[in-house]
Amino acid sequence: MSLSKITLSAIQQAGAAVFSADAELKNSVKDYAERVNAAMAVNPFGLGNDTLFENWKLVARLSQTMVGIEEELKKVHALACELTGDDGPAAHALPALSAPLSTPELLVATAPDTAPTDVVAKGGQKKASRQASAKKPAAPAPPVIGSNPTKLLRHLERLLTTRDFVAVNLSAAGLATGIPAGSVNAAMKKLLETGQLLVGPGGRFKLVK
């Protein structure tokens, strides 16, 4: 049994929350460092300096812990993505084909006491069918969308359908695909321009058939 898209979306949202929390903790570490430096510059022997220093170390440890959680969530998300595609359609046996005839076979329709009429060669029918097929226009080549848009499309194919519009967290998508934060929006724009996705109400998206 594969994981549902709702479960994968929940993991993605957890990754986005951890990413935001990590960024806030790193800012807090920087702020505490500035406060410690300022306090030491004013009075190196101040009574409150020790408390500030201990708080700074505690926030730094929290930040390091959050980095570890973020790395673990990346592994969880990667495994979950693999599980969403393990229930592919079962292969069906193809019917056996009869061997081709070595010579064209003739179908002859005759009426009583008359000469044979309506002679049709099967081989001629097959040749005409092949000629008609050869005249069909070739299918247009798929648009070239680039590396990052391709990565993003493969990721979104696990989350979206062609039926319903679904909200997409671009920060989490960039985290899951390894696309730099500044390039995720450009990749999404490329998918929209090339007709791979449709955008609906509220900035939600769905796949194009």
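Here's how it looks for residue 194: its modeled amide H is under 5 Å from none belonging to a residue 5 or more places away or on a different chain.
Using C-alpha pairs under 8 Å with a sequence gap of at least 6, the mean separation divided by the residue count of the stretch 145-203 gives a relative contact order of 45 percent. Tally Lys/Arg at +1 and Asp/Glu at -1 over every other residue whose Cβ is under 11 Å from the Cβ of residue 5; what's the total? Net charge in that neighbourhood comes out at -1. Taking Cβ atoms as reference points and 12 Å as the exclusive limit, the residues near residue 172 contribute a net charge of 0, counting Lys and Arg as +1 and Asp and Glu as -1. What does the charge count near residue 48 come to, summing +1 for each Lys or Arg and -1 for each Asp or Glu among other residues with Cβ under 14 Å from its Cβ? Here the charged neighbours net out to -1. So how far, in whole Å, is the C-alpha centre of the stretch 149-188 from the one of the stretch 20-41? Rounded to whole Å, the Cα centres lie 33 Å apart. In terms of distances greater than 26 angstrom between alpha carbons, the cross-link table entries 26/206; 75/209; 5/75; 5/74 yield 26/206; 75/209. Here the Karplus curve 6.51 cos²θ - 1.76 cosθ + 1.60, taken at θ = phi - 60°, turns the phi angles of the stretch 149-154 into couplings of x, 5, 4, 5, 5, 4 Hz, with x standing for Gly and Pro.
Every number here is computed from the coordinates shown, using simple stated rules; none is lab data. This one's a predicted model, so the numbers in the text were calculated from it and none came from an experiment. All Cβ positions, even for glycine, are placed from backbone atoms using ideal geometry, and neighbour counts span all protein chains on display.
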